[in-house]
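For reference, the structure is listed below as structure tokens.
Here, each number is a calculation from the coordinates, and none is a lab measurement. Note that the coordinates shown come from a computational prediction; the quantities given were computed from them, not determined experimentally. Positions of Cβ are backbone-derived with ideal geometry, glycine not excepted, and every protein chain shown enters the neighbour counts.
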Amino acid sequence: MSETDVAVVGGGPAGLSAALFAAKNGLDTITFDTDETWMHKAHLFNYLGIESEDGSAFMDDAREQVAEFGVDRRQGTQVTGVAENGDGFTVSTDDGDHEASYVVLATGAKRDLAEDLGCEFTDEDVVDVDVTMETTVENAYATGAMVRAEEWQAVISAGDGAAAALNVLTKEKGEHFHDFDTPADAE
Ligand SMILES: Cc1cc2nc3c(=O)[nH]c(=O)nc-3n(C[C@H](O)[C@H](O)[C@H](O)COP(=O)(O)OP(=O)(O)OC[C@H]3O[C@@H](n4cnc5c(N)ncnc54)[C@H](O)[C@@H]3O)c2cc1C
């Protein structure tokens with residue numbers, strides 16, 4: 001059995017969205033991030049529901065939100081390799097190795113870890129994924145800029161991360177998983 005259910009590489013909108021959905025629904029989730037998110041250069045006017053927000057302020061809120069759901073956030077830890085280990089994945093970092101049943105790659109436009117893992121690429125030279133964001137390596141997901149040639153927007157990355165985590169949850173729970181809350185849940 002792996003040490004962690006889900007390892008997320010990258011802590012921008014894609015990675016933290018995946019981590020939020022996974023941890024909120026009971027999966028042990030660890031994230032690694034080197035804080036080079038493009039969000040530090042952005043100001044959002046095009047993220048539905050947010051009229052205007054500085055990208056770094058958005059990241060502060062997102063980090064706080066995932067921490068509240070128990071995500072083990074390794075800020076400042078770089079992942080140097082991801083490999084299949086027969087039972088899941090070994091995620092190598094500058095702080096040592098971690099084992100996880102599922103891996104979500106969310107490293108922005110950087111595709112080197114996906115390539116090393118053996119994920120197939122499309123003719124446009126982006127990581128090949130299906131609509132659930134699963135790569136050609138079973139239980140390995142790729143999200144955000146690495147799966148698209150140019151359509152690079154925060155809300156798309158966050159959607160990709162959510163789709164990946166929902167697919168992991170569907171596999172774990174054995175039936176299509178919905179993360180639905182109602183007003184009563186907020187009381
Ligand atoms: C100048 C500029 C303005 C922009 N303006 C907008 C805008 O107005 N609206 C909009 O929607 N989008 C905008 N964007 C794009 C937006 O910032 C990206 O779409 C979004 O950040 C992508 O999210 P992501 O999670 O896919 O990747 P990123 O945000 O790039 O996050 C990837 C994270 O992975 C980490 N990482 C990478 N490799 C490793 C590793 N090996 N180990 C650990 N961590 C790693 C990085 O440090 C980074 O924190 C803008 C981008 C730029 C550059």
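Structure notes:
- All of (1) more than 17 Å from LEU105 (Cβ to Cβ); (2) surrounded by 15 or more Cβ atoms within 10 Å (Cβ to Cβ); (3) in contact with a strand residue (DSSP E or B) (Cβ under 9 Å, 6 or more places away or on another chain) hold for SER52 with one exception: (2).
- Qualifying residue in region 76-83 (condition: in a loop (DSSP other than H, G, I, E, B), without any contact (Cβ under 8 Å) to a residue 12 or more places away in the chain and either away from the ligand (no atom under 12 Å from the Cβ) or under 16 Å from the mean Cα position of the chain (by Cα) (or both)): no
- Region 130-166 - residue that is among the small types (Gly, Ala, Ser) and in a strand (DSSP E or B) and, of those, surrounded by the fewest Cβ atoms within 10 Å (Cβ to Cβ): ALA140
- Matching residues, region 154-187, being among the basic types (Lys, Arg) and in contact (Cβ under 8 Å) with a residue 12 or more places away in the chain: LYS171
- In region 115-137 there is no residue that is over 26 Å from TRP38 (Cα atoms), in contact (Cβ under 8 Å) with a residue 60 or more places away in the chain and more than 16 Å from the ligand (Cβ to nearest atom).
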